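The values are calculated or read from the model by the stated rules, or taken from the named source; none is laboratory data. This is a predicted model, so every value here is computed, not measured. Positions of Cβ are generated from backbone atoms using ideal geometry, with glycine treated the same way; all protein chains shown enter the neighbour counts.
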Amino acid sequence: MQKELKVALIQSNLVWENPEQNRINFTNKISAILELVDLIILPEMFTSGFTMHPNLVAETMTGDTVSWMQKLATIKKTAITGSVVIKENDNYYNRLLFVFPDGKIEHYDKKHTFTLAGEHKVYKAGSHQLIINYLGWKICPLVCYDLRFPVWARNTTDYDILLYVANWPKVRVAAWDALLKARAIENMTYCIGVNRVGLDANNYEYSGNSGAYDALGKRMDTIPTDKEATEIVTLKKEHISKYREKLGFLKDRDVFSLKG
């Protein structure tokens, strides 16, 4: 078990519906990380922006973006995660990919599709939560709109990190800030959210507000708003174990099971 985990949050603008250019841009940003890190987090739909035209950008699990992630993860000796548009069995998915340093992949399909934007009409929703075991840490990865649904994120498995990738618009960023902090506190876990910046083709503005919170809800990062930035935070297993043992809030949690 690794006692500390170094995580790089990449808050970036995205080129609309242009996977190749986004891969080039992120290659440069990832290459610029000179410190050894264990995990690199990219935003939601990082190859396209939050598009409702999946037919224009969708790839397969053997496509260019997956191969690119595997290659970079191997070169940098780190895990890389973020969501992309994937086509599988004639369905489109907003799929979070978690690529291990050896190229192995686990994935999570976004459970709560964003009905306000019509995401449910073009993307098939996932039905299963994913818990990733990595370097002795248990990670629960979720996507954007999932943040509004605390039951789906409830820490019933004693995970150590709750992770959100997003295209969360500036007009509702107060909710993003409040909910990330709340998820950390109620689940006694590290909670990390990586959001994009810039303007998309639908004229929606994104301010980023990416952040990392510890199990007490304390902000750990200094990522600026409204601009591209990369920041590395160090997570400590001792912090999780210390406060879960000292405060014991999770021992009093409600017992329940979810039906997809």
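Within the stretch 94-150, the residues that satisfy the criterion of being touching a residue at least 12 places away in the same chain (Cβ under 8 Å), assigned to a strand (DSSP E or B) and of a type outside the set (A, V, I, L, M) are N94, R95, F98, E106, H107, Y108, D109, Y134, W137, K138, C140, P141.
Within the stretch 64-73, take every residue that is without any contact (Cβ under 8 Å) to a residue 40 or more places away in the chain and touching a strand residue (DSSP E or B) at 6+ places or on another chain (Cβ under 8 Å) and give me the one that is farthest from Y92 (Cα to Cα).
That would be A73.
Would you point out which residue out of A201, A212 is modelled with pLDDT of 95 or more and either among the hydroxyl-bearing types (S, T, Y) or within 19 Å of F50 (Cα to Cα) (or both)?
Values: A212 fails: either among the hydroxyl-bearing types (S, T, Y) or within 19 Å of F50 (Cα to Cα) (or both).
On inspection, the qualifying residue turns out to be A201.
Scan the stretch 154-176 for residues that are under 19 Å from L250 (Cα atoms), in contact with a Cys (Cβ under 7 Å, 6 or more places away or on another chain) and not in a strand (DSSP E or B) and the total you get is 1.
Answer yes if at least one residue in the stretch 21-40 is acidic (D, E) and within 28 Å of A201 (Cα to Cα), and no otherwise. Full working, then the answer.
To start, the set of residues in the stretch 21-40 that are acidic (D, E) comprises 35, 38.
Restricting the remaining residues to those that are within 28 Å of A201 (Cα to Cα) gives none.
No: the stretch 21-40 contains no residue that is acidic (D, E) and within 28 Å of A201 (Cα to Cα).
Candidates in the stretch 192-241 are the residues that are among the aliphatic types (A, V, I, L, M) and free of Cβ contacts under 8 Å to residues at least 40 places away in the same chain; of these, the one that is nearest to F26 (Cα to Cα) is L199.
Can you go through G217, G193, G198 and tell me which one is surrounded by 15 or more Cβ atoms within 10 Å (Cβ to Cβ), farther than 27 Å from L36 by Cα and small (G, A, S)? Every option except G198 fails the conditions. If the condition is being within 23 Å of the chain's Cα centre (by Cα) and either of a type in the set (V, I, T) or not in a helix (DSSP H, G or I) (or both), then the stretch 233-255 contributes V233, T234, L235, K236, I240.
Count of the stretch 28-53 residues, restricted to those that are surrounded by fewer than 20 Cβ atoms within 10 Å (Cβ to Cβ) and in contact with a helix residue (DSSP H, G or I) (Cβ under 7 Å, 6 or more places away or on another chain), is 1.
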